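What follows is a set of notes on a single structure, which appears directly below.
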Amino acid sequence: MEDSPFRRLPNDTIADILLRLPGKSILRSGAVCKAWRRITTTPHFLAARAGRQPASILVHAYLDAKPWACGDDLRAGFSSEDIALDALSASSPEEDRLRLIRYPGTKLTIPAHCGHLLASSDGVLLFKKDRGFYLLCNPVTRQWAQLPRLPAEYCRERDPEYGFYFHQPSGEFRLLCCSLTRGIWYIVSTGATEPRLTNAKQDPELITRFVTPLLTTATMPVALHGNLHWPPLWRFTATLGVSAAPETKMMAFDTVSEQFVQMSGPGSKTPKMVKLFEMGGLLGAADFGEEKHVDLWFLEDYSARVWSRRHRVASPWKYGSTGRPRNDWGMLSVAIAGDDEDNIIIGNNDGLVVYNLRKNGARTVDSVMQRKNRMFVSRHVFKGSLVEHASFAPPSADFPLIHSWS
């Protein structure tokens with residue numbers, strides 16, 4: 001590098017060039033010289049890179065594989081196929097389809113479990129290997145970690161997991177859980193050795209009327225402004241004023257104070273047919289309650305809780321299609337993700353469409369809808385991250401779940 005013209009470029013210019021590279025190339029560029037390694041690991045560079053990352057929906061592709069043994073997991077012995085996890089970006093899903101990881105499937109795995117993938121947050125995937133046994137991995141940096149194993153008394157509930165998020169103040173990834181039998185909320189984090197009770201004072205029986213576990217929720221909780229948000233489930237009639245129209249309410253969890261708060265939801269007549277998403281720094285909601293169109297709402301003023309319907313787009317499904325969700329259970333198969341260029345991808349295996357809200361354009365994603373490809377759209381949204389976390393194990397091929405990395 002001593003005689004290279006790049007050495008004479010300002011660091012800001014080099015950083016701008018490196019920001020335009022794919023994630024894998026950025027990681028490799030750190031091996032070129034110490035200066036590039038220093039540039040690509042600064043908080044400013046990593047934040048800028050995260051801002052450029054488009055949101056993607058995760059798709060499961062089923063591949064033929066030989067039976068694979070995995071320690072004491074007897075179910076893996078029945079495996080005759082692998083699951084490849086692909087990311088389809090909202091801007092160009094066909095061209096920029098990215099294979100993240102490949103891991104063993106089992107004949108006991110059903111689509112609702114999606115290979116035991118529970119959630120995604122800040123570029124990290126959360127897997128549930130067994131009751132009380134959770135694994136994290138970043139498919140870009142190839143780092144992985146294991147959350148503290150839950151004691152037996154915490155494993156009585158079948159699906160105690162309600163939210164997964166990155167806690168910025170501590171730098172920890174945290175899993176929010178609930179024990180209805182014990183009447184408590186607790187947190188499992190990468191920086192701890194055992195579960196910790198939260199500060200939440202609300203009755204779990206009451207809160208779980210408004211939030212559902214990660215495994216069965218139609219919308220994964222959306223993290224924004226330090227809060228986790230769940231979609232509205234009910235409409236309420238105001239107690240004051242006879243002519244007051246019903247309104248929707250939704251639940252949020254303040255990740256700093258660890259308290260649940262109720263907030264206004266979008267003006268939907270069918271709240272159980274609403275999916276939440278984040279787009280351009282705004283909380284969005286897609287209402288699938290109508291046959292021919294999807295209404296897109298945005299929380300324009302977060303502090304005042306003011307929602308507005310910005311767009312109405314044609315339904316991804318043909319009129320009368322059996323693929324269109326008709327109840328909250330059908331919403332489990334629907335995906336939605338948006339980026340900062342007004343592209344938004346909506347649909348499932350029976351109709352997946354990319355809309356450009358700025359140009360009023362739309363195009364279908366044909367490869368996913370072809371049954372021969374054995375691809376299944378999931379609810380999960382992924383944004384890659386180059387951040388390396390101190391609590392994670394260094395990159396290696398020893399992650400106890402994965403056949404191969406991307």
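Side notes on the structure shown:
- Estimated from the Cβ-Cβ distance and a Förster radius of 35 angstrom, the FRET efficiency linking GLN262 and LEU63 is about 0.20.
- Within the full protein context, the accessible area of TYR154 is estimated at about 30 Å² for a probe radius of 1.4 Å.
- Most to least packed among 159-167, 300-308 [average Cβ atoms within 10 Å]: 159-167, 300-308
- Using 0.36 nm per residue and subtracting the Cα-Cα separation, the extra length available between ARG182 and SER25 on full extension is 51.7 nm.
- Environment charge at VAL354 (Cβ cut-off 14 Å; Lys +1, Arg +1, Asp -1, Glu -1): -3
- Amide H contacts under 5 Å for LYS249: LEU233, TRP234, PHE236, GLY265, restricted to partners 5 or more places along the chain or on a different chain, H placed in the peptide plane at 1.01 Å from N.
- Carbon plus sulfur fraction of accessible area for segment 285-349, probe 1.4 Å, in percent: 45 percent
- GLU157-ALA314 pseudo-label distance in nm [points 7 Å out on the Cα-to-Cβ vector]: 4.4 nm
- Once both labels are positioned 7 Å from their Cα atoms along Cα-to-Cβ, the gap between ARG374 and LEU282 label points is 4.2 nm.
- The alpha carbon centroids of segment 124-161 and segment 245-302 are separated by 28 Å.
- Solvent-accessible area per residue for segment 213-338 (1.4 angstrom probe, square angstrom): 45 Å²
- Spacing of the two label points (7 Å from each Cα toward its C-beta) at ASN356 and ARG38, in nm: 4.1 nm
- Restraint check, LYS128/LYS372; LYS269/LYS292; LYS269/LYS359; LYS34/LYS383; LYS318/LYS372, Cα-Cα greater than 24 Å: LYS128/LYS372; LYS269/LYS359; LYS34/LYS383
- Applying 1/(1 + (r/R0)^6) with R0 = 25 Å to the Cβ-Cβ distance of ARG363 and ARG326 gives a FRET efficiency near 0.50.
- Extended-chain gain in nm, criterion 0.36 nm per residue less alpha-carbon gap, SER303 and SER391: 28.3 nm
- Surface composition of segment 102-236: carbon plus sulfur atoms hold 51% of the accessible area, using a 1.4 angstrom probe and ignoring ligands, DNA and RNA.
- Placing a label point 7 Å from the Cα of ASP203 along the Cα-to-Cβ line, the residues of segment 151-185 whose backbone N sits under 19 Å from it are 178-185.
- Sparsely packed GluC sites (Glu not before Pro) within segment 255-298, loop by DSSP, other Cβ within 10 Å at most 16: GLU290, GLU291
The values are calculated or read from the model by the stated rules, or taken from the named source; none is laboratory data. Being a predicted model, the structure only gives us computed values, none of them experimental. Here the Cβ is made from the backbone with ideal geometry for all residues, glycine too, and neighbour counts use every protein chain on show. Please note that ligands, DNA and RNA were not included when accessible areas were found on the heavy atoms of the full protein model with its side chains. Shrake-Rupley method; radii C 1.70, N 1.55, O 1.52, S 1.80 Å.
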